[in-house]
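Q: Dropping a structure here in structure tokens format, bear with me for questions.
The values are calculated or read from the model by the stated rules, or taken from the named source; none is laboratory data. Just so it is clear, the structure is predicted and the values come from calculations on it, not from any experiment. Cβ coordinates were reconstructed from backbone atoms using ideal geometry, including for glycine residues, and neighbour counts include every protein chain displayed. For accessibility, only protein heavy atoms count, side chains too; no ligands or nucleic acids. Shrake-Rupley method; radii C 1.70, N 1.55, O 1.52, S 1.80 Å.
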Amino acid sequence: MPFTFKQFHVDDSHCGMPVSTDGVLLGAWAPLTQAKTILDIGAGSGLLSLMAAQRSEAAIQALEIDRLAAQDCQHNIDQSPWGSRITLIQADLLQWYPGVQTKFDHILCNPPYFDNGPQSQCSKRAQARHTDSLAFDQLLSAIKQLLAPQGKASLILPNASLGRFLTLLADFELKLIARVDITTAPNKAPQRHLLCLSHGVSSAESGEAIEAEHLSIRDASGAYSQAMIALTQAFYLKL
């Protein structure tokens, strides 16, 4: 379903995962404004690449495995104000990254995250949501190679996958440097987590403690919270 933001439009008709609040939160939160090079892994419709282009002056590479989703992505890039700064690559990350010499200042990824439970009968949606197509250890291996020495990687994960993901970081000498726990309303348990990683020893091994911030999407009345508005008002039309 097409979705119009303040400075760009996204047509996601052929994408396994449509435009979602998850993607908007990640694209608005990631600390990428000073980055000169950005990689969007699993670009889909190009949402994160377009948000990154609006927020930075970086050269952006959008990597997407699915041919039809890549067509949507290219169309959205071409129709945006930032077509000259975003390059689409249609490729499988696992086949593409071993030969890549470029190091990126920032890596964005809204990754497949379910490793059990029923899969969607839509193969595109299943590919976008389940780790069958990209396991966490494979993703972290790619991030470790592609991330510049002082670079950062930003991701969003559901609560059910958080613990398993965090336990893998030490294996790849990556550490958590920022985290925001997302709730749908006050006094509810977090359902999503925004994570920012960098090279280095994990916080658990070094004795460092990362204190999670908290963001509630809606307030007690059901309206968007002030924190949500502040984070996303540069993008959502009605904020």
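Q: May I ask you to give the percent of accessible area on the chain that is carbon plus sulfur, with a probe radius of 1.4 Å?
A: Of the solvent-accessible surface of the chain, carbon and sulfur hold 49 percent.
Q: Under the √(5λ) rule applied to the eigenvalues of the Cα gyration tensor, what semi-axes describe the equivalent ellipsoid of the chain? Give them in Å, descending.
A: So the equivalent ellipsoid measures 24, 23, 19 Å along its semi-axes.
Q: Now a separate question. Computed FRET efficiency, Cβ-Cβ of residue 230 and residue 78, R0 22 Å: what is it to the nearest 0.05?
A: My answer for the efficiency is 0.10.
Q: Next question. What does the accessible area per residue of the chain come to in Å², with a 1.4 Å probe and no ligands, DNA or RNA counted?
A: 47 Å²
Q: While we're on this one: Calculated from DSSP H runs of 4 or more alone, at -39500 (n - 2.57) each and per residue, what is the 222 nm mean residue ellipticity of the chain, nearest 500?
A: -8500 deg cm²/dmol
Q: Say we join alpha carbon atoms closer than 10 Å with springs in a Gaussian network model of the chain; which of 23, 44, 99 then has the biggest fluctuation?
A: Comparing 23, 44, 99 in a Gaussian network model of the chain, the most mobile one is 99.
Q: Only Cα pairs within less than 10 Å get springs; with that Gaussian network setup on the chain, which residue of 52, 91, 189 has the largest fluctuation?
A: Of 52, 91, 189, the Gaussian network model singles out 189 as fluctuating most.
Q: Calculate how many DSSP beta bridges within the chain are antiparallel, expressed in % of all such bridges and rounded to the nearest 5.
A: Here the share of antiparallel DSSP bridges comes out near 40 percent.
Q: Let me ask another. Can you pull the three principal axis extents for the Cα set of the stretch 1-45, in Å, largest first?
A: 32, 23, 17
Q: How much of residue 4 can a 1.4 Å solvent probe reach, expressed as accessible area in Å² and rounded to 10?
A: Approximately 60 Å² for this residue.
Q: Springs between alpha-carbon pairs under 10 angstrom, Gaussian network model over the chain: which of 110, 76, 159 fluctuates most?
A: Taking springs between Cα atoms under 10 Å, the residue moving most is 159.
Q: As a test of reading the structure, rank 179, 164 by solvent-accessible area (1.4 Å probe, protein chains only), most first.
A: Of 179, 164, the descending order of accessible area is 164, 179.
Q: Using DSSP to define loop residues, name the trypsin sites (Lys or Arg not before Pro) in the stretch 15-67 whose beta-carbon has at most 14 other beta-carbon atoms within 10 Å.
A: 36
Q: I'd like to know how the stretch 7-113 sits against the 2.2 N^0.38 Å rule of thumb: what's its Cα Rg over that expected value?
A: Here the Cα radius of gyration is 0.96 times the empirical estimate.
Q: Further, regarding this structure: Suppose every K and R has +1 on its Cβ and every D and E has -1 on its Cβ; what is the size of the dipole of the chain about the Cα centre, in Debye to the nearest 20?
A: 380 debye
Q: Still on this structure, please answer the following. Please report the equivalent ellipsoid semi-axes of the stretch 142-239, computed as sqrt(5 x eigenvalue) of the Cα gyration tensor, largest first, in whole Å.
A: So the three semi-axes of the stretch 142-239 are 29, 16, 11 Å.
Q: When the Karplus curve 6.51 cos²θ - 1.76 cosθ + 1.60 is applied with θ = phi - 60°, which whole-Hz ³J(HN,Hα) does each residue of the stretch 223-238 get, with x for Gly and Pro?
A: Taking θ as phi minus 60°, the curve returns 7, 4, 6, 5, 5, 5, 4, 4, 6, 10, 5, 6, 10, 6, 4, 8 Hz for the stretch 223-238.
Q: Each residue of the stretch 90-107 in turn: what ³J(HN,Hα) in whole Hz from Karplus with 6.51, -1.76, 1.60 and θ = phi - 60°, glycine and Pro shown as x?
A: Karplus values, whole Hz, x for Gly and Pro: 8, 6, 7, 3, 5, 8, 7, 6, x, x, 8, 9, 5, 10, 9, 5, 9, 10.
Q: Hey, another quick one. Output ³J(HN,Hα) for the stretch 37-47: one whole-Hz value per residue in order, computed from phi by the Karplus curve 6.51 cos²θ - 1.76 cosθ + 1.60 with θ = phi - 60°, and x for Gly and Pro.
A: 9, 9, 10, 10, 8, x, 5, x, 6, x, 3
Q: Sum up the lysine pairs in the chain that clear both bars: alpha-carbon distance under 17 Å and a spacing of 8 or more or different chains.
A: The number of close lysine pairs in the chain is 8.
Q: Further, regarding this structure: At 1.4 Å probe size, with no ligands or nucleic acids counted, give the accessible surface of residue 214 in Å², nearest ten.
A: Approximately 140 Å² of residue 214 is accessible to the 1.4 Å probe.
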